[in-house]
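Trainee: Can you read through this structure? Questions will come right after.
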Amino acid sequence: MDFNIDSWLNLVIRWFHVMAGILWIGTSFFFIWLDNVLQPEAEGGKGHVGKAWLFHGGGFYRVDKAIVAPASILDSLHWFKWEAYLTWLSGFALLIVVYWWRADLYMIDPAVAPLSATQAIGIGLATLVIGWLAYDGVWRALGERAPKLALGISLVLYVAAAYALTHLLSGRAAFMMSGAMLGTIMAANVAMVIMPNQRKMYAAATAGGEADPRLSYQAKRRSTHNNYLTLPVIFMMISNHFSMTWGHAMNWLILVGMFGVGIGVDHFLNSRDKGSKGIGYVALAAAFAALIAVMAFTAAPAPPASAANARASAPVAFASVQAIIATRCVECHSAHPTSKLFPIAPNGMKFDTPDEIKLAAAKIKLMAIDTQAMPLGNLTQMTEQERGTLAAWLAQGAPVPDGSTAR
């Protein structure tokens, strides 16, 4: 029996990545929420920020936040860092196993850019490094004296990155690398800013002194950035399942639009928790409007030129359709795939019989015609003429032989 190491590595690392991500996202949302609901106390003392009472698991909790702490409590402090580090490390491993290991299959689209596997991987790695350096440079230079300008520049840089990635890599890889870039920024915020600043604050408290309040402000700002990037990153991580987004001709605009949707939803949550419900509902309405706009944008892709007059053309013989599918698709989509990449038909889609092809007609239209996401990486070299034949057959109602029992 063959042992499919690719699939097992994918499964185990992905499972670990999701578990670590849940821990990181959970702590991020919890602490941002906590900061938003803290109530100041006049008797709190110097460095006291606020307190909150919580009720969970059958008990009451009192939580206090301060930027000055007595040395007596320092040994019992709980630090939050490994959730971020393990999420990034497992995500990077998954990126290597799924995308870089098969760069020629997953990262390259010859119709977008004629890259080699080495070039595609280089672009991916450069995206992570340059993305962090650009973001960090902007906020170190402008974050304290001109935060709105820093925010504006950051958003422009992200739009530019989204455009560049979708014009260099396959749509699927572009969305994934965009998420990996943002995830790298988030993890680097923890490693390069939040934790170093907290160590300095800890050292000052241990020595009986007071830490520079700017350290707390800087760490809090980067933590807030991480919180706002969380929902966009989640979308990008699951986007590979939805080709109508990354497979669209204007996929960069869809990527930017969904980035905005995630930011808007997060701003609604944070504004509501702070008591600014008006601003929160405006942000939610804007996010909802952006989502509707993206959905409408992807709802009716322009048909290929070869399908423009499909309904009026001569009926397409099913034998021609089946021959194309047998040559270009059945290598993977079969009860017994011959592809070394997929020992089991992806998503359970099989095209061995007319019945199975008929039942999959809508999926074939989406994946092979509307977005041309399949064959994956066009590994089997489906031609435009063949896509045109499939499009004409689909436009004519996807007829199969009279003897078929497909419904």
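Taken together, the values in this text are just the output of simple stated rules run on the coordinates, not laboratory data. Predicted, not measured: the structure shown is a model, and the values here were computed from it. Counting neighbours? That spans all protein chains shown, and the Cβs are built from the backbone with ideal geometry, glycine included.
Trainee: Give me the net charge for the shell around residue 67: Cβ to Cβ below 11 angstrom, other residues only, Lys and Arg +1, Asp and Glu -1.
Mentor: Value of the local net charge: +2.
Trainee: Charges at C-beta only: +1 for Lys and Arg, -1 for Asp and Glu. How large is the resulting dipole of the chain about its Cα centre, in Debye rounded to 20?
Mentor: About 780 debye.
Trainee: Here is a further query. Round to a whole angstrom and tell me the spacing of the C-alpha centers of region 150-197 and region 124-140.
Mentor: 7
Trainee: What residue among 35, 212, 75 has the largest mean-square fluctuation in a Gaussian network model of the chain, using Cα springs under 10 Å?
Mentor: Answer for the Gaussian network model of the chain: 75.
Trainee: Would you work out which of 154, 85, 26 lies farthest towards the positive end of the dipole of the chain? Charges go on Cβ: Lys and Arg +1, Asp and Glu -1.
Mentor: It is 154.
Trainee: Summing +1 for each Lys or Arg and -1 for each Asp or Glu, what net charge is found among the other residues whose Cβ lies under 11 Å from the Cβ of residue 370?
Mentor: Around residue 370, the charge tally is +3.
Trainee: A further question on this structure: Please work out the Cα center distance from region 18-64 to region 249-280, rounded to the nearest Å.
Mentor: For region 18-64 versus region 249-280, the Cα centre distance is 23 Å.
Trainee: What's the FRET efficiency of residue 277 with residue 77 using the Cβ-Cβ distance as r and R₀ = 35 Å, to the nearest 0.05?
Mentor: Computed FRET efficiency for residue 277 and residue 77 comes out at 0.50.
Trainee: Taking 0.36 nm per residue of separation and subtracting the Cα-Cα distance, what length does fully extending residue 146 through residue 111 add?
Mentor: 8.4 nm
Trainee: In what sequence, highest mean first, do 350-361, 256-267, 272-283, 166-177 appear when ranked by Cβ atoms within 10 angstrom?
Mentor: 166-177, 256-267, 350-361, 272-283
Trainee: Next question, about the same structure. Rounding to the nearest 20 debye, state how big the charge dipole of region 17-104 is about its Cα centre with +1 on each Lys and Arg Cβ and -1 on each Asp and Glu Cβ.
Mentor: Taking the Cα centre of region 17-104 as origin, the dipole is about 40 debye.
Trainee: Moving on. So what is the relative contact order of the chain, in percent, for Cα pairs below 8 Å that sit 6 or more residues apart?
Mentor: 13
Trainee: How are the Cα pair distances of region 5-299 distributed, in percent, across 10 Å bins from 0?
Mentor: 6, 24, 33, 23, 11, 3, 0
Trainee: Which entries of 65/148; 51/200; 81/220 have Cα-Cα distances beyond 19 Å here?
Mentor: From 65/148; 51/200; 81/220, over 19 Å: 65/148; 51/200.
Trainee: Using a Gaussian network model of the chain whose springs link C-alpha atoms within less than 10 Å, name the residue from 105, 182, 11 with the highest mean-square fluctuation.
Mentor: Comparing 105, 182, 11 in the GNM, the peak value goes to 11.
Trainee: Around residue 337, with a cut-off of 11 angstrom between Cβ atoms, what is the net charge of the other residues, counting Lys and Arg +1 and Asp and Glu -1?
Mentor: For residues surrounding residue 337, the net value is 0.
Trainee: Defining a contact as two alpha carbons under 8 Å apart and six or more residues distant in sequence, what relative contact order in percent does region 138-264 show?
Mentor: So the answer I get is 28 percent.
Trainee: List the chymotrypsin sites (Phe, Trp or Tyr not before Pro) within region 60-115 that fall in a DSSP loop (any state other than H, G, I, E or B) and whose Cβ has at most 11 other Cβ atoms within 10 Å.
Mentor: Filter output for region 60-115: 79.
Trainee: Related question: Which of the DSSP-defined H helices in the chain satisfy a minimum axial length of 20 Å, computed from C-alpha atoms, and a minimum mean Kyte-Doolittle hydropathy of 0.0?
Mentor: Helices passing the filter in the chain: 5-37, 117-142, 147-166, 171-188, 251-274, 277-299.
Trainee: Also, I was wondering about something else. Got a sec? Charge dipole of the chain, +1 on Cβ for Lys and Arg, -1 for Asp and Glu; which of 260, 99, 330 is way out at the positive end?
Mentor: Going by the charge dipole, the pick is 260.
Trainee: Running a GNM on the chain with Cα contacts under 10 Å, which residue among 112, 159, 63 ends up with the highest mean-square fluctuation?
Mentor: Maximum fluctuation in the GNM of the chain, among the listed residues, is at 63.
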